[in-house]
Each structure stands twice: as C-alpha cells, then as structure tokens.
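The values are calculated or read from the model by the stated rules, or taken from the named source; none is laboratory data. What you are looking at is a predicted structure, and each value in this text was computed from that prediction instead of being measured. Virtual Cβ from ideal backbone geometry, glycine too; neighbours counted across all protein chains shown. Note: areas computed on protein heavy atoms with side chains; ligands, DNA, RNA excluded. Shrake-Rupley method; radii C 1.70, N 1.55, O 1.52, S 1.80 Å.
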Amino acid sequence: MSIARREFLAGGAAGLLVGVFFNAPLARAAQLAVPGSATPAAGDPPTQAWAPNAWVQVAPNGDIYIWVGKSEMGQGVRTALPQILADEMDADWSRVRVEQAPTLPKFGPMGTGGSTSVMGSWDPLRKAGAQARLALIGAAAQRWRVKPGECSTFNSYVIHSASGKRLSYGELAEEAARQPLEESPALKGAAQRTLVGKSLDRVDGPAIVAGKAQYGIDVRRPNMVFAALERWPVVEAELLSYNDSAARRIPGVLQTVKLPHAVAVIATNTWAAFEGQRALKVRWNPGPRALQSTGSIFALMHQSVRQPGNVARDEGNEEGAFQAASKKVEAVYETPFLAHVAMEPMNCTAEVSNGHCTLWAPTQNPTRVQMDVAKALDISPDKVLVNVTLMGGGFGRRLESDYGVEAALVARALGRPVQVIWTREDDVRHDAFRPPTVHALRAGIDGSGQVVSWRHRVSSPTPAAQDKKHFDARKLEGSVVDGASDVHYRIPAIRIEQSTHEDLPVRVGWLRGVYPNQNGFANEVFVDELAAAAGQDPFEFRRGLLAGDEPIDTGHGKLYPARLRRVLELAAERAGWGTPPPKGRARGISCTVLDWAHTYVSQVAEVSLENQLPRVHRIVAVIDCGTVVNPELARMQAESAIIFGLSMTFDQAVTIRNGEPQQHNFYDFPVLRMPQAPLIEIHFAPGSDRPGGLGEPPVAGVSPAVFNALFALTGKRLRRLPITAEDFQG
Amino acid sequence: MPKAFALLINGRQFMVAAPAEQPLLWALRDNLGLTGTKFGCGAGLCGACTVHVDGVAMRSCQLQVGHLEGKHITTIEGLAAGSGTGDSRTPHPVQQVWLELGVAQCGYCQVGQIMSATALLASNPHPSDEEIDSSMSGNICRCGTYNTIRKAIHESARRMAEGKPRHAIPAGSGGQR
Ligand code: FES
Ligand code: FES
C-alpha cells in the first residue's frame, strides 16, 4: 500500500471508536456557531447530556449533538456526516447541533483526504446512530414494560403503536444511559432511510452568506499578535544573518523572531507584519539544491522512463506481445509542478502556556499537526490541542503541518497568542507542490484492432521520497503508479514501471486527486491515440476494452469494468456522442476509476478554437459513486472537481529556476474564472449501495477529455499539460 | 504615531488609527474586527476582499484608508441593512438566494462574490450571461461554484424585480477593479 493511501486512510474508519461512554465534551462549537470560534458557543451541550459514543449526545431537552471528525473545506462533511448518523438514529434533523471534534483521544486519529470522509464514516456513523437508537428503544420498552421489538422510532420519538404511547429522545436520554449498547446493531436498508439521499441544506450556509463563518484567518484571541515569515528560498538553505532594523521601524511592528528556516516579523496587525516581512534583509546560503531547475528535473525524469524501473505490475509477456504486434504505438506525456492556491492563504493561530499548546488550525490533518507540534516543542502530544476551524479550501495543501509547527514555535517564543499568516506569494512559493511526472507508454495492436499489450513507465519525485528514513528509490513506490498499475482496461499483457528522484529544491505534497490525475491523463490520452491508430471511434474502442462483467484484479483491488462501461455509455448518450456537434466544435471522451474511492466517472468535453485559443463549452459527466448521501452537495462537489480539473488543463504550471519557484500570485499561477467556466451537466448513476468517494474522482478525466476533443477538432495531438496559448499558434 | 481617519462604514463612523497607506482590508479585519471581508491575494486579483465604496464594488486590499474619508463603505456585515436602514437580520435578497441555491462550497470567496453581485444588480437589474461573466470575472472561486453563481444572479434579478425590493440597494455601477 502506498504512502498516499496509508496517509489518506488514516482518518478513515480505523480512527473511529464507538461503544464507549464519555464525559461532557470539552469542545465548543454549535450549529451555525463555527468550529474554532473564539467565543463560547451558545449551543454547548449540557453536562448531563447522554453520550452513547464519541459521535453523538442527547440532551434532556431533545437537542442532539453530533460531532464531526472530518474537516470542512466546502465538501459539506459537516452536513453529510451528521445526516448519516441522524438517519440511522431516526433523529429529528431540526434538533441536530453539529459540533467540530478537536484532537481529543476519544475521537481517535483525524485526517481528511483521499475522498474518504463519507465512505470511511459510513459504517461507524451508522453504527453509532443505530446504537443510540436501540438504547433509546430499550429505555422506553423498560418504562412501558413491553418488548423492545414492539417499539419503533420516528423523528426523535420512540413509539409503541399497540398502545399508542410515545416518548421523546430527550425524555429518554437519562434512562438510555443505563442501557447496554448493542455491539453490532442491525442497520437500515436503503428503503428505510429518511435523511440519506436528501439534499439537506449545508449547516454552515447561513453563517457563510452573512460573512460570519469563521475560518482560520478569522480567529481572534485576547492579546493576540500577527506574524509574517520570510522563509528559506530553497529547501534546506542556511540562514546566515539578517537585518531587521528597517522592519522594526514600521508602525505596528513589535519584534522579530528567528526560526530555523525563517525569520518572523511580529506586529499588532496583519498589514504591518507583511510590510515588516518585505523590509527584512535576510542572507541565505542557498545550498546545493539551488543548482536545480525545471529543465534539469524533467531531464532526469525523461532519462528514467527510457530505462526499466521498479515493476508495479507484470502480467502476460508484454515485451513479446508488443514486438509481435502488427501496430506499435508509443507516446510520452508530461505534467508540471502545481500549486494548490486554496482561496484562504495558509495561516494558523497558536498559544503556548504552562507547557501546553493550543492551536486553531484550518487543517485537513489535525492529528498530524498535533504530533508535529508536539515534536517541535518537545512536549507530549496530549499537551497539544488542535481546534479545527472552517477552511477556505484545502485541496491537499492542508494535509501538511508546516503552518501549525511555525505558529507554535513563534507562540512559544513570544509567550502570547499569535496568528501566523501567509501572503499569497508565501502561499505559492512555499507550497508543497503537486509533483511533476513524465510518462512513457507503449502498446501493441493486432490485425483485428485488439490491444494486445500495454506498458506504462512513470517517473516522478513523489512526496514519499521526502521521508528519508523510509524511502528507498530502488524499491517500488506505490503512490507514483496509483492510477497506472490499476489501469482499468482488460488487456492481456500489462507491465507498469516506476522511478523517482530525491532531494528536490522545493517540497512536494498531495493535491486533490493525487497521482491518478497524472496517470489517468496519460492513460486516457494514450487510449485515444490507440483508437485513432486502430481506426476506431474513441467511445466504441473504450467500450470494447471494457467488455465482460468479470472484475479486473489489479493486484491491490478489484475494478468493475461493467460499472465503468455503464457510465461511459450514459455519458456518450447524454452528450449526444455520434450526433454532429454544433458547428466549429468537437467532442472528446474519457473514463476513469479511482479504485480506492470506488468511483467510476466518464466525461465528454465539447471544445472549439476561438482566435487560436481553445475554449471548453460543455462538459457532461456521469458518475457512479454508489449511494449518494446528499445529491445537491454531491453535484456541487463534482462540478467543483471538474472546474479544478479545467484549471489544471490550462496555463497552470509552477516552474523552478536556481532552486526557486518562479510563480507568485494569481497573475502567474492562474485559476479558472467565470467567463471560462463551461456548462457542466452531472448525472449520478449509482452502481452500489455503499457510497464511494467523490471529492477527487472527477478531476482526472477532465484534461484527457479536453485533449481528446482538441485532437478531434484539429488533428493535433497534445501530450503535455498544461495547454498554453502557444500550443495552437502558428 | 499614525493619524486617525474617520471612516463611514455600514452607516456608522469609525476612527481608524493607521498609516494613511494601510489598505482598507486590514483596517476592517484587524482594526475594526469586521472579518467578513476576506483576504485572498492582496493584489487586486481575486475579489475576496470586495466591498462597496459609494455603491461601487471595489477591492479593499487596493484602497488606502487615507483616501476614504467621506465615502460610504459597505461591507458584508452592513449589506443586510441596505444603506444603514432596515432590519439587519433580514438578509439582502441576494444573500437569501445564495442560501437557497446553496451556492457556497468552502464559502471563503462568497462574501466577495455577493458584494460584486449586489453591485452589479444595482446598476444592471437584468444582466445577461455575458454581462455577468464580465462583471464577475474579477472574483475567483477556487471551489468552482461559477455556474451556481450565474444561476443565483439571474434568480436574484428575477426576485428583486418581482416587487420592490424590501431594502434599499446601494446605488452605483457594477464596475470592477
Ligand atoms: S485580496 Fe483583494 S483582490 Fe484579492
Ligand atoms: S466557495 Fe470556496 S473559493 Fe469559492
């Protein structure tokens, strides 16, 4: 299992505990009051609230508090997860108060990534809800002296229909606390669900439109100051000396603090801190990594894919089949470094006193922040409490812990609360970039147009390589072939190889969709090339490669070609594949699977060229992510992922010169804006009762659908991301 | 010591002690605790910090407090109340539509989107798709809510035309940047 997968699953089902009694919560937050909020929330559960497990509490007045252990960054977890629990519990949704779980032991390890929130919480939260419901039934049955089996529940009431008696959950809470908890409670079937499947409104919606939602950047603590940091220009550069006299003359600047990799300017307000940072003069010894540039990094990757790599999958005789094939197709693809540019720049607020550290962090990875802060301060993790705030986007950037560690170090040095806030330029320059890739693919096609062999070599400086203790470049690193080794087509001979490089001048990390984005791009453009070589329609050609209902065993999981075939066919139908597109336009298709998210996606893009610039008019996506908990939230997530995919299709690339990233802000690292947003049509086609992941899966298929459409339009085959203005000029 | 500037914000006067060149954004957020207005780029590129100045949508990260005396500034906190009158707990129709259509994802950009949308509708009560696109092009949404925003602006236009809006809408053009 790859590092990526391990890390993403860290916050999944394994971390959830049920069946334990707990005392009243320390956490503060209520519905509409916001996680991490500096003021005590009016909705704090009363201490006598009954807590059958860590995730739910019932107060005597009937309020039901549901704790969310996942971080909210727009995907709607603070609505969808309580929805799952409340449904199983038959709770009155209007009485549900949503609470954000901080890093307390009872909540277990917490992390949000890998599209796992719903699928990983599905079983534990249903169990938590069912346990609570059964205990409430038990309490009512005891009071009425009837059999529990004669009772039912509805909207926060236990009902005994034979006698017409009913008691509310609030009235029963105290007695329910004395009931034993069912270890494996029976769970509802699809037909019995009342909340799952409904488009309930986001619980944070009213606060957001009122401007009252509290993100990390909005945290205010008594006596708090602000800090901006000038960080090393190149990873592991050495701080030689610095001069802060100009910085300290700026009104509002209080002092500077030296950290191992940065100098912090402390001020009474954010702007003074930014101005102070600009006025700092820091001398660095950039070190040997500064010798690298984008060109040298890509040269290494290209060299690597020309040689055999670590073998991830080897089935049939690829070499023999390729050599014997009547048609041989080979192609090389490239994807760049990418920044995340979440709308809310990185920031974190910290307070250190009496050997304890409290943080208010917009983080996807509270447990990692807790552990890394503990290590940096040399205190035990139970002395670190991370409160999770709302986040203005995460996209994987907030899986890192750097913002938390810095804030804790500055707070300790100052002995007062501090908010470390990053300029956009800091946020871009010191990102943990999505790593670049080079892919070399080759395939053989026989006389009847069948694909007989497939080889994919991918080279990339994976984030996993930064873990010097555990990484060995000669061993297979699974993260890099995620989406390559599990190629979703049925081909008799397959060989997948991987290589990676270490010691980059910048940090790399995980970005929404991770390596299946790059590998899916290469796979799906290459398959289009094969279809063209075989003289077949790209849709029919894919369909042929997905024939049969037998699952494909990829070595670490099963893929269901029938599910992919179905979304492919539906997407083609809805997009009018086979009918002439509007004048001047052409269509391209892709189909992708995110195997660990169990989600199947097919997309059709419709494009044109306007003044030699590509324009995407319409994207039709059909998605099988199993049961959809909240259709409206799901549709928004899918649209979001598609816009995200379009952003990375056009113009987005981080380049490096002398070890330093060359991009700064939205002018040189653009994201899609409204005029470029195409019409997007999403259709869900659930192929299983169990929900899969959704935040990431639709990203991967966007670029290839657009590339393939542009090929259909112009006959020009592009193989490098992103598309730039030059690609269609001259 | 910095001078104090008299700023008229959401119908109330505030004295802000700050250097004249300090951006309005930070006066709002740090001096006055009005954190509804967001920081996204600090360079006039993203629209997260959009407020109304005399009814026109402007980027508060690009406005210096020293140049704003005597101007009417409206932030999201004052939007519900129109131009200082009315019940501040009744949301502006645009906020209401935003809520009903569930426009927000992470929500971080949405205050800026709402401020731009309200200024647009005040100057152009029935914008076309193209007019919406060009008017809103300065507001980035990294979560990609653009299609829903477009829908929400049309729906707001329809509703605001359906009868006199309950609140005074700030006058002025929907000008950007
Ligand atoms: S913060 Fe002002 S435009 Fe981005
Ligand atoms: S909703 Fe997240 S940036 Fe717009």
**OP:** Sort out which residues of the range A:428-462 are touching a Pro at 6+ places or on another chain (Cβ under 7 Å) and either within 19 Å of A:Arg719 (Cβ to Cβ) or of a type in the set (Asp, Glu) (or both), and write them in order of number.
**Re:** A:Pro435, A:Pro436, A:Ser460
**OP:** Determine which single condition A:Pro661 fails, assuming it passes every other condition in (1) more than 27 Å from A:Ala290 (Cβ to Cβ); (2) surrounded by 22 or more Cβ atoms within 10 Å (Cβ to Cβ).
**Re:** (1)
Original post:
Which is in contact with a strand residue (DSSP E or B) (Cβ under 6 Å, 6 or more places away or on another chain), open to solvent by less than 20 Å² (accessible area, probe 1.4 Å) and farther than 26 Å from A:Gly396 by Cα, of A:Phe541, A:Phe526?
Top reply: A:Phe526
Subject >> the range A:415-468, residues that are assigned to a helix (DSSP H, G or I), open to solvent by 30 Å² or more (accessible area, probe 1.4 Å) and closer than 20 Å to A:Ser401 by Cβ >> reply: A:Arg429, A:Gln466
Subject >> Within the range B:33-54, considering residues that are facing chain A (nearest Cβ under 10 Å) and open to solvent by 10 Å² or more (accessible area, probe 1.4 Å), the one farthest from ligand 2 (Cβ to nearest atom) >> reply: B:Gly33
Original post:
Looking at (1) assigned by TED's automatic domain parsing to the domain that holds A:Ala51; (2) touching a residue at least 12 places away in the same chain (Cβ under 8 Å), which is the one condition that is false for A:Ser94?
Top reply: (2)
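So that you can scan it fast, the table gives a plain yes or no per residue for (1) away from every other protein chain (no Cβ under 14 Å); (2) more than 23 Å from B:Thr37 (Cα to Cα):
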| position | (1), (2) |
| --- | --- |
| A:Ala176 | yes, yes |
| A:Ala186 | yes, yes |
| A:Thr194 | yes, yes |
| A:Leu200 | no, yes |
| A:Ala213 | no, no |
| A:Gly216 | no, no |
| A:Arg221 | no, no |
| A:Ala227 | no, no |
| A:Val235 | yes, yes |
Subject >> Leading residue by the ranking (farthest from the other protein chains (Cβ to nearest Cβ)) among those in the range A:316-358 that are surrounded by fewer than 16 Cβ atoms within 10 Å (Cβ to Cβ) and among the charged types (D, E, K, R) >> reply: A:Glu319
**OP:** All but one of (1) in a helix (DSSP H, G or I); (2) more than 14 Å from chain B (Cβ to nearest Cβ) hold for A:Gln277, so report the exception by its number.
**Re:** (2)
Original post:
Hey, any hits in the range A:667-679 for a residue that's of a type in the set (S, T, N, Q) and in a loop (DSSP other than H, G, I, E, B)?
Top reply: no
**OP:** Give B:Gln13, B:Gln64 a once-over and let me know the one that is in contact with a helix residue (DSSP H, G or I) (Cβ under 9 Å, 6 or more places away or on another chain), more than 16 Å from ligand 2 (Cβ to nearest atom) and modelled with pLDDT of 95 or more.
**Re:** B:Gln64
Subject >> Hits in the range A:227-284 - residues which are among the basic types (Lys, Arg) and in contact with a Phe, Trp or Tyr (Cβ under 8 Å, 6 or more places away or on another chain) >> reply: A:Lys258, A:Lys281, A:Arg283
Original post:
In the range B:135-151, what residues are away from ligand 1 (no atom under 16 Å from the Cβ) and either open to solvent by 10 Å² or more (accessible area, probe 1.4 Å) or in contact (Cβ under 8 Å) with a residue 60 or more places away in the chain (or both)?
Top reply: B:Asn147, B:Arg150, B:Lys151
**OP:** Counting only residues that are within 16 Å of ligand 1 (Cβ to nearest atom), give me the helices (runs of 4 or more DSSP H) lying completely in the range B:13-123 with at least 1 of them.
**Re:** B:76-79, B:110-123
**OP:** Scan the range B:100-121 and report the pairs whose first residue is on the phi > 0 side of the Ramachandran plot and whose second residue is among the polar types (S, T, N, Q) and near ligand 2 (Cβ under 10 Å from one of its atoms), with Cβ atoms within less than 9 Å and a gap of 6+ or a chain change.
**Re:** B:Gly102/B:Thr148
Subject >> Residue that is open to solvent by less than 10 Å² (accessible area, probe 1.4 Å), within 13 Å of another protein chain (Cβ to nearest Cβ), within 30 Å of A:Phe395 (Cβ to Cβ) and touching a helix residue (DSSP H, G or I) at 6+ places or on another chain (Cβ under 6 Å), where the choices are B:Ala104, B:Ala117, B:Ala57 >> reply: B:Ala117
Original post:
Within the range A:364-387, is even one residue closer than 30 Å to B:Leu45 by Cα and within 14 Å of another protein chain (Cβ to nearest Cβ)?
Top reply: yes
Original post:
Does A:Leu254 satisfy the criteria of being part of a strand (DSSP E or B), among the aliphatic types (A, V, I, L, M) and over 34 Å from the mean Cα position of the chain (by Cα)?
Top reply: yes
**OP:** Six or more apart or on different chains, Cβ under 9 Å: which pairs go from a residue in the range A:714-730 that's part of a helix (DSSP H, G or I) to one that's of a type in the set (Val, Ile, Thr)? Could you list them?
**Re:** A:Phe728/A:Thr714
Original post:
Taking the condition aliphatic (A, V, I, L, M) and touching a Gly at 6+ places or on another chain (Cβ under 9 Å), does B:Leu99 pass?
Top reply: yes
**OP:** Could you run through the range B:152-177 and say how many residues are surrounded by 15 or more Cβ atoms within 10 Å (Cβ to Cβ) and at pLDDT 90 or above?
**Re:** 8
Original post:
Residues of the range A:564-596 being open to solvent by 40 Å² or more (accessible area, probe 1.4 Å) and basic (Lys, Arg), which ones?
Top reply: A:Arg565, A:Arg566, A:Arg574, A:Lys583, A:Arg585
Original post:
Which of the residues that make up the range B:125-134 are more than 10 Å from chain A (Cβ to nearest Cβ) and surrounded by fewer than 16 Cβ atoms within 10 Å (Cβ to Cβ)?
Top reply: B:Pro125, B:His126, B:Ser128, B:Glu131
Original post:
Within the range B:124-144, restricting attention to residues that are small (Gly, Ala, Ser) and farther than 10 Å from B:Cys46 by Cα, which residue is nearest to ligand 2 (Cβ to nearest atom)?
Top reply: B:Gly144
Subject >> Top-ranked residue of the range A:613-649 - restricted to ones that are buried (at least 21 other Cβ atoms within 10 Å of the Cβ) and assigned to a strand (DSSP E or B), ranked as farthest from the other protein chains (Cβ to nearest Cβ) >> reply: A:Asp624
